[in-house]
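Notes to accompany the following structure.
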Amino acid sequence: MNFQTVVDSIKVKFSRVDVEHEKVIVVPASDFLPVVDFLRSTLQMNVLDLLTASDHISENQIHMMYGFYSYANKTYLRIKVRLDRKDPAMPTLTSLWEAANWFEREVFDLFGVRFEGHPDLRRILTPPDFEGHGLRKDYERPGFFVKKPDFK
Amino acid sequence: MTMSKSDQSVHKRSVRFSPERSLFDQLPAETRIVSRRVRTAELRTEEFLLNVGPQHPSTHGVLRLVVSLDGEVITQCDPDLGYLHRTFEKISENRTYQQIVPFTDRMDYLGSMNANWGVAVAVEQLAGIEVPERAEYLRVIVAELNRIASHLMWMGAFGADVGAVTAFLFGFREREMVLDMFEEICGSRLTYGYIRVGGVAEDITPRFVKLAQEFLDLLPSKLNEYHDLLTGNPIFKQRTKGVGVITLDEAIRYGVTGPMLRSCGFPWDLRKDEPYSIYERFDFDIPVYYDGDCFDRYRVRMDEIGESAKIVRQALEGLPEGDFKVKKLARNIKPPVGDVYVRQEAPRGEYGVYMESDGTIKPNRVKYRTPSFSNLSILALMTVGWKIADLVAILGSVDIVLGDVDR
């Protein structure tokens, strides 16, 4: 089963899915859980391999990037979900894969994406009292250097 | 109110001990071990909250574990990460593509060659750079040697974890030979930066080949020595056999890869199943064991040492003449807009590099999907129900590198 057959079988069921390039499909956030369910049950994609995000400040978007893999068919599919940069939220995948638990905590920690239904959404890499989300492009490191006084 | 003699502490300070509060409760909060009393109907037991680390030799770095104990039995284990979080993903966004490579050394510092390789391949795929064949061979040679060194180091540390300190010395003795080879080709013994975008840093020298041949000739007898020392050792077996068992289904759900997955009876290896670079030219086997316990994880890694040695031998024999790096490479690579995800088999499991280019000289986003991070996430499941003494054995068998977990 190659990438094209996977995409075709998804497109039959979900019309709003776009192909970005030869490895990635773009799924609207509302269709995300049904698509993942379909991947898991019908296409035997039983591994959640990648879960990350990237900040696109010029488009005012955060792109979620999911990687699913099937050990049986040896097919890899990446799913991109575009989220609004203000208060981004995704449904959690922890009920399907335990691997999602730490991945989602990491994305929450560094990008501030809320995962609805996550059982334990705490910061994982930065300390609990850390302010802001480090991998956002507009994150500013708090006062390591003292600000110069404004002489006027 | 008069003070009786018993109310004075040894430091002659007047203190009164009320009958309800014990001396233990009067210690300052930060110095006392937190304990919570749980009253059952008849038997009074205590759930004990034990803090392991972050500075603890058995956590292999700076990992903190908050362990709840019922007597000796672990009821809950919550790993606390981030003590070694050096924001490499953020740093990578602010460096040019070639400048990223040395930072990856510091992530998985026991498998640096593999860490370099993933990033180099990601950039090459983004920018469409074709690597000379000799460079591919050299990459395979150093990556497999690094896998041997990493597994030897792991064997030593794991032996020390379960009380066999001799294994530590044995493992380091042979690892030293690999480090000598790496020192010969790149001048560095821990953070190599040898595999770079477009090839490797330096060509190998005749002395490297001689050292490698000596090492490969010596390795089988040394492997027998390790097997004599550990594999047949009844104490070692008792500490590891049947301890920390995970099933294949659990391993897949938690995203566990590498030797831990192969110890659950699933012969999965990216080098074999999705061959990258030139791995399909070599003849080697994927060791697999079926119990999913600490002992099988040990067996898988020990067998992998032999298989890696096979690959190195074949690669040295088939090493073609030619360039070891791309002749002309721009100082600042500007790949077209796009993203790429590269997966490779590092010593600890699947190492993935996700890289997004926005058309400038710096990447928009780099994500390192490191094997230790995913493999550690199953620790909470693996340890529950085992004795506290097994915690160190189970944690050791995961083979974590905290630089790889926290990044």
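The values are calculated or read from the model by the stated rules, or taken from the named source; none is laboratory data. Because the structure is a prediction, the values reported are computed rather than measured. Note that we place each Cβ from the backbone using ideal geometry, even for glycine, and neighbour counts take in every protein chain shown. The protein model used for the area step is the full one, side chains on, heavy atoms only, and it has no ligands, DNA or RNA in it. Shrake-Rupley method; radii C 1.70, N 1.55, O 1.52, S 1.80 Å.
General observations
- The ratio of the alpha-carbon radius of gyration of the range A:3-116 to the globular-protein estimate 2.2 N^0.38 Å is 1.01.
- When each of B:LYS210/B:LYS310; A:LYS13/B:LYS367; A:LYS86/A:LYS137; B:LYS90/B:LYS325 is checked by Cα-Cα distance, pairs over 22 Å: A:LYS13/B:LYS367; B:LYS90/B:LYS325
- A probe of 1.4 angstrom, applied to the heavy atoms of all protein chains, finds A:PHE115 with accessible area near 10 square angstrom.
- B:THR75 paired with B:VAL384, simple spin-label distance in nm, labels 7 Å along Cα-to-beta-carbon: 1.2 nm
- Panel note: the C-alpha atoms of the range B:87-372, placed on their principal axes, show extents of 59, 45, 32 Å (largest first).
- Between helix A:3-13 and chain A: long-axis angle, C-alpha atoms, 0 to 90°, nearest 10: 90 degrees
- Volume per residue of the C-alpha convex hull in the protein assembly as shown, rounded to whole Å³: 232 Å³
- Applying the Karplus relation 6.51 cos²θ - 1.76 cosθ + 1.60 with θ = phi - 60° to the range B:56-69 yields 3J(HN,Hα) values of 8, x, 7, 8, 6, x, 10, 10, 10, 10, 9, 10, 9, 10 Hz, where x marks Gly and Pro.
- Length released on extending from A:LYS80 to A:ASP129, taking residue separation times 0.36 nm less the Cα-Cα span: 14.6 nm
- Our note on the geometry: Cα centres of the range A:9-38 and the range B:335-388, 23 Å apart.
- Within the full protein context, the accessible area of A:ARG114 is estimated at about 90 Å² for a probe radius of 1.4 Å.
- Per residue of B:251-257, other chain Cβ atoms within 10 Å of the residue Cβ number 6 on average.
- In this simple spin-label approximation, B:LYS210 and B:VAL66 carry label points 7 Å from Cα along the Cα→Cβ vector, and these lie 5.7 nm apart.
- Nearest-20 debye value, the protein assembly as shown charge dipole, Cβ charges on Lys, Arg, Asp, Glu: 1600 debye
- Potential lengthening of the chain between A:LYS11 and A:ARG114 amounts to 34.3 nm, from the contour at 0.36 nm per residue minus the alpha-carbon distance.
- Accessible area ranking (1.4 Å probe, heavy atoms, ligands and nucleic acids excluded), largest first, for B:ARG139, A:ARG141, B:ARG331: B:ARG331, A:ARG141, B:ARG139.
- Span-rule helices in chain B, defined as complete DSSP H runs reaching 15 Å or more along the axis (Cα) with Kyte mean at least -1.0: B:112-127, B:133-161, B:165-186, B:206-226, B:294-317, B:388-398
- Between B:GLU47 and B:ASP273, the simple label model (points 7 Å from Cα in the Cβ direction) yields a spacing of 3.8 nm.
- When the accessible areas of A alone and B alone are added and the area of the pair subtracted, with a 1.4 Å probe, the result is around 3100 Å², both sides summed.
- Normalising the average separation of contacting C-alpha pairs (under 8 angstrom, six or more residues apart) by the number of residues puts the relative contact order of chain B at 23 percent.
- Average partner coverage of A:94-103, which counts Cβ from other chains inside 10 Å: 5
- Mean per-residue shielding of peptide A:44-54 is 5, counting Cβ atoms of other chains within 10 Å of each Cβ.
- Probe 1.4 Å - accessible area at B:SER221, Å² to nearest ten: 60 Å²
- Helical runs (DSSP H, four residues minimum) scored at -39500 (n - 2.57) apiece and divided by the length of the protein assembly as shown put the mean residue ellipticity at 222 nm at -11500 deg cm²/dmol.
- Largest to smallest accessible area among B:ARG86, A:ARG123 [probe 1.4 Å]: B:ARG86, A:ARG123
- Within the range A:58-90, backbone nitrogen closer than 18 Å to the virtual label 7 Å beyond the Cα of B:THR360 toward Cβ: A:58-63
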